[in-house]
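The values are calculated or read from the model by the stated rules, or taken from the named source; none is laboratory data. Everything quoted here is computed from the prediction, not taken from an experiment. Every residue, glycine as well, gets a Cβ built from its backbone with ideal geometry; the counts of neighbours run over all protein chains shown.
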Amino acid sequence: MGSRPPFAAAGPVFTEHARLSALLALAVHAVFVALLVFAVSWQTRPAPVVAEVWDALPSAEPAPPPTPVEAPPPPPAAEPPPEPVKAPPRPAPVVEPKSAPKVEAKPDIALEQQKKAKQRKEQETREQALREAAKQLETRKLADVEARHRRELQEAQRRDDELRAEREAADRVAQQAAQAAEQARQRETQAAQAAAQQARARAVDIYRAQIMRAVRARLVTPPGVQGNPQAELRVLQLPTGEVLSAKLTRSSGDTAYDAAVERAVLAASPLPLPADRSLFSRELLLQFRLNE
């Protein structure tokens, strides 16, 4: 009874070994968890994106395969202590690896710039086409306006020419009518003058015939006169018909006949007066033939 049981001395040693084993196990688990966390965070870290600006698109060549990343080697395991009797370890929590976030591919800057430049160029081309179309439309409108204005001017000129021609024709007709009327008036005037002259001449002839009859009524033909002598006398008379003088201007060749005519003119005073006082003349040229 007084002896120590065989496991009495081993009790403290076993307890110390169990504690050390538990600490080592916890340390190993902590290192393992840290490695797992590091591996997951390293794999999910997004790689930096580098964009290059190209003047021209490179030829499409297959990209080289990515270089495999080797996992870091596990730390060396500590030498296991003498396996004491220990309780079964708790299962380590399973850490599911997080899926790497999808990295959206950024659009290529050069392609975007080329696209924008192409769009700007197309927009400028459209605007230039619109400006050209508007300019052509304005030019056509101006041409149409000018053509219409020219047509209106030509039409107005044509109407003016027609009106001028009509006026000229009317003027010619009026002038011809005026000339015809003037000619007719002149003919009428001439006819009237001729008629008046004829009437005056007849009246003068009648007036002279009256004087000649009055003188012949007083003429005493002298004997021995031969042939048909003619004497011409210039007679000067008053408005009342009284004879102032009777002078021989051309002799008949027979002095006796010339003297008889002068005596007959003086004896016929006062001479007959015309019915129209405008036919009266103070000086008369009278011709007397014997046989009339």
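The table below lists the values:
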item	result
Answer residue from region 246-283, given it is among the hydrophobic types (A, V, I, L, M, F, W, C) and over 30 Å from A199 (Cβ atoms) and is surrounded by the most Cβ atoms within 10 Å (Cβ to Cβ) among those	A260
Meets criteria (closer than 30 Å to A39 by Cα and either part of a helix (DSSP H, G or I) or at pLDDT below 55 (or both)) for A129	no
Residues (touching a residue at least 60 places away in the same chain (Cβ under 8 Å) and not aliphatic (A, V, I, L, M)) located in region 238-277	P272, P274, D276
Within region 204-222, considering residues that are touching a residue at least 60 places away in the same chain (Cβ under 8 Å) and part of a loop (DSSP other than H, G, I, E, B), the one surrounded by the fewest Cβ atoms within 10 Å (Cβ to Cβ)	T221
Residue identified as among the aliphatic types (A, V, I, L, M), farther than 30 Å from H17 by Cα and either surrounded by 10 or more Cβ atoms within 10 Å (Cβ to Cβ) or at pLDDT 55 or above (or both) among A105, A63, A71	A71
From the options R282, R200, R213, residue that is in contact with a strand residue (DSSP E or B) (Cβ under 9 Å, 6 or more places away or on another chain) and of a type in the set (K, R)	R282
